[in-house]
1. Summing -39500 (n - 2.57) over the DSSP H runs of n ≥ 4 in the chain and dividing by its residue number, what mean residue ellipticity at 222 nm do you reach, to the nearest 500 deg cm²/dmol?
2. Just grab the label-to-label distance for Phe57 and Leu5, each label 7 Å out from Cα along the Cβ direction, in nm (one decimal).
3. Angle, helix 33-45 long axis vs. longest principal axis of the chain, Cα atoms, 0 to 90°, nearest 10?
4. Count charges around Glu92 for me, please; just the other residues with Cβ under 14 Å from its Cβ, Lys/Arg as +1, Asp/Glu as -1.
5. For a test of the definition: using alpha carbon positions, the gyration tensor, and the 1.5 limit on a/c, classify the range 48-151 as rounded, prolate or oblate.
6. If you fit an axis through the alpha-carbon atoms of helix 2-25 and take the longest principal axis of the Cα set of the chain, what angle between them do you get, 0 to 90°, nearest 10?
7. Based on Cβ point charges of +1 for Lys and Arg and -1 for Asp and Glu, what charge dipole magnitude is obtained for the chain about its Cα centre, in debye rounded to the nearest 20?
8. If I take R0 = 35 Å and measure r between the Cβ atoms of Phe19 and Asp117 in this structure, what FRET efficiency does the formula 1/(1 + (r/R0)^6) give, to the nearest 0.05?
Amino acid sequence: MNRLLKIITLIIILLVVLFYLKNTKTKVLKENISLKNNIATIVNSRNSIDFAKETDFQWDEMIIFPPYAQLETDFKKLKIKTNVKKIQTPIESNDGINLIVYTKNHKIVSYVNNRRDKGDFPFTNNRIFTNKNAKFKIIKDENGWIKFVDN
């Protein structure tokens, strides 16, 4: 009986440890509101933006996902490691935003749900930029629509 109790206790401890490891490996990553606000300020005060200079974290790729992007499929196709359980974004059902995802070594380090009226990217497929070429002209059209045009 004593031996059975030890085995059951060991199994319970192993299950708790496995549950802990599984849930600490992935996390919910919150949107970078500071960067989002900074982008909104820049589009109203400058005629260009260099995203590498506007971020306060290290990244090697900036990926722009257009409206209705299917993130799970796109992440697999782009070989992005899903180190986060969830990105809080309505991108799959909202045509009013572009999702800007920053990665380091194919792991997501930050993201912004960028409202298209605060800076739209005029392309319909995913686009990848490095921290060396994530430079855009800011163009406002006659209707006040703001566009990021890569150099």
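1. Value at 222 nm, helices only, nearest 500: -10000 deg cm²/dmol.
2. So the two model labels end up 4.9 nm from each other.
3. 0 degrees
4. Values: positive: Lys86; negative: Glu72, Asp74, Asp95.
The answer is -2.
5. Numbers: a/c = 2.01, a/b = 1.29, b/c = 1.56.
Judged from the Cα gyration tensor, the range 48-151 comes out oblate (a/c at least 1.5, b/c at or above a/b).
6. The helix 2-25 is inclined about 0 degrees to the chain.
7. Working: 26 positive and 15 negative charges, 175 e Å.
Roughly 840 debye, rounded to the nearest 20.
8. Values: r = 43 Å, r/R0 = 1.24.
Once rounded, the FRET efficiency stands at 0.20.
Computed from the coordinates by the stated procedures, all read-outs in this text should not be read as laboratory data. Please read all numbers here as calculations on a predicted model, not as lab measurements. Backbone-built Cβ (ideal geometry, glycine too); neighbour counts: all protein chains shown.
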